[in-house]
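A quick write-up on the structure given underneath.
All of the numbers you see were taken from the coordinates with simple rules; none came from a lab. The model shown is predicted, which means the values in this text are computed figures rather than measured ones. Positions of Cβ are generated from backbone atoms using ideal geometry, with glycine treated the same way; all protein chains shown enter the neighbour counts.
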Amino acid sequence: MKTAGQILAETRISKKLDLEDVARITRIRPQFLTIIENDDYQKLPSGAVAKGFIRNYCEFLGLNPAQVLAVFRRDFVENQLGQIVPRGFVEPVSKQPFWSPKTTVIAILALTFTIFGGYLFYQFRILAGPPNLTVNQTYSKFTADTDTFEISGETDPEATISVNGHLIALDKGGQFSFRVPLTLGENLITITATSKSGRQTTSSKTVIYSN
């Protein structure tokens with residue numbers, strides 16, 4: 001598509017007119033005519049001046065000023081500083097909605113990678129790191145008046161749990177509960193969680209049994 005300046009320049013050349021001839025009759029300086037034909041409107045004082053020059057130039061060449069000015073407004077706009085700039089510098093050529101099929105695909109891929117990455121991290125922690133171990137009996141020292149003491153808590157479902165070296169079964173989700181036989185006096189109870197990689201987490205409790 002031709003610009004306003006190109007239309008004016010081609011029409012002038014087709015009529016075999018020099019810029020000096022146009023300037024003498026329209027009283028528009030030759031340098032301003034060159035600026036208009038080159039669509040270099042930033043060098044003009046304002047949009048009003050640019051439109052006035054284009055209108056006078058069109059009337060001299062026998063062109064419809066309204067049509068040429070419409071082409072000018074299609075390609076250029078006056079910014080907040082009063083300068084004439086290409087319209088794309090002020091507003092996007094086409095405004096795309098924020099959410100589109102492309103952004104939907106990107107969001108799905110990002111969510112998939114996030115979930116997959118979290119799963120890999122979880123598996124790495126299970127294989128390479130020590131297992132979690134939570135014992136419900138939070139104090140390190142207890143007294144008891146019966147010959148057994150209950151130990152309960154939770155560990156990773158993939159780990160194994162032992163109390164004083166004896167393996168005990170885990171419930172679904174990694175919960176465990178076990179009653180430890182006591183002897184008179186001080187009893188040390190050691191709970192050990194062992195991961196698949198052999199890493200261990202240990203918690204110890206002291207129970208004093210007196211009847």
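Under the Kirkwood approximation for Rh and a Cα-based Rg, what ratio Rg/Rh is obtained for the chain?
With Rg and the Kirkwood Rh in hand, the quotient comes to 1.71.
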TODO: Evaluate the Debye formula for the stretch 4-89 with equal point scatterers sitting on the alpha carbons, no solvent, and hand back log10 of I(q)/I(0) at q = 0.15, 0.18 Å⁻¹, in q order, two decimals.
DONE: -0.49, -0.70
- [ ] Give, as a single signed number, the net charge of other residues whose beta carbon lies under 12 Å from the beta carbon of residue 188, with Lys and Arg counted +1 and Asp and Glu -1.
- [x] +1
TODO: Would you list, by chain and number, the aspartates and glutamates whose Cα falls below 15 Å from the Cα of residue 141, excluding same-chain residues fewer than 8 positions away?
DONE: 150, 186
Task: Charge sum, other residues only, whose C-beta stays under 14 Å from residue 12's C-beta, Lys/Arg counted +1 and Asp/Glu -1 - done: -2
Task: Proxy reagent accessibility, fewest Cβ within 10 Å first, across 17, 133, 184 - done: 184, 17, 133
Task: Value of [θ]222 nm, deg cm²/dmol, for the chain, DSSP H segments ≥ 4, -39500 (n - 2.57) each, nearest 500 - done: -12500 deg cm²/dmol
Open item on the list: Whole angstrom only: what separates the Cα centroid of the stretch 1-43 from the Cα centroid of the stretch 139-211?
Closed with: 95 Å
Open item on the list: Which one, 31, 182, 104, is farthest towards the positive end of the dipole of the chain when Lys and Arg carry +1 and Asp and Glu -1 on their Cβ?
Closed with: 31
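One-quarter of the Cα convex hull surface for the stretch 133-209, in nm²?
4.6 nm²
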Open item on the list: To check you understand DSSP bridge types, tell me what percent of the beta bridges within the chain (both residues inside) are antiparallel, rounded to 5.
Closed with: 90 percent
- [ ] Run down the lysines and flag those whose C-alpha is under 20 Å from the C-alpha of residue 51, throwing out any fewer than 8 positions away in its chain.
- [x] 2, 43
TODO: Determine which lysines satisfy two conditions relative to residue 196: a Cα distance under 23 Å, and not lying fewer than 8 residues away in the same chain.
DONE: 172
Task: Cβ-derived FRET efficiency at R0 22 Å, residue 172 paired with residue 206, nearest 0.05 - done: 0.10
